[in-house]
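The next block holds one structure in the form of structure tokens; read it before the comments.
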Amino acid sequence: MSENSPLVRVHVNIELSAAALQAVVSHSKKKAGADEKGRYRVDTADALAALISRFLREKGFDEFAEDGDNY
């Protein structure tokens, strides 16, 4: 990713396995912990977005997107 390129938030539809989604929900709940009434106050959609964003940054999505052969 270019150091000078700003980050923008986009909302997209993606396909991922049910197992991956279950893992995100499970790990997010564990990390957040339950409140005194046993409820989990965590936005799993935000957790998924953060996880995917981090993955894209770490795995070089900018370079992948710049390569015209990937389209």
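The values are calculated or read from the model by the stated rules, or taken from the named source; none is laboratory data. These numbers were taken from a predicted model, which means no experiment stands behind them. Backbone-built Cβ (ideal geometry, glycine too); neighbour counts: all protein chains shown. What goes into the accessible areas is simple: the full protein's heavy atoms, side chains included, and nothing from ligands, DNA or RNA. Shrake-Rupley method; radii C 1.70, N 1.55, O 1.52, S 1.80 Å.
Results, tabulated for the structure shown:
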| item | result |
| --- | --- |
| Per residue value of the accessible surface for the chain (all protein chains in place, 1.4 Å probe), Å² | 91 |
| Whole-percent carbon and sulfur share, accessible surface of the chain, 1.4 Å | 52 |
| Sparse-neighbour loop sites [trypsin sites (Lys or Arg not before Pro); the chain; at most 16 other C-beta within 10 Å; DSSP] | R9, K37, R39, R41, K59 |
| Dipole axis of the chain (+1 Lys, Arg; -1 Asp, Glu on Cβ), positive-most option in A50, Q22, G33 | G33 |
| 0 to 90° range, to nearest 10: angle between helix 44-58 axis and the chain longest Cα axis | 30 |
| On Cα atoms only, tilt of 18-32 relative to the major axis of the chain in degrees | 60 |
| Probe 1.4 Å - accessible area at H27, Å² to nearest ten | 120 |
| Karplus-derived HN-Hα couplings along the stretch 34-40 (A = 6.51, B = -1.76, C = 1.60, θ = phi - 60°), whole Hz, x at Gly and Pro | 8, 7, 5, 9, x, 9, 9 |
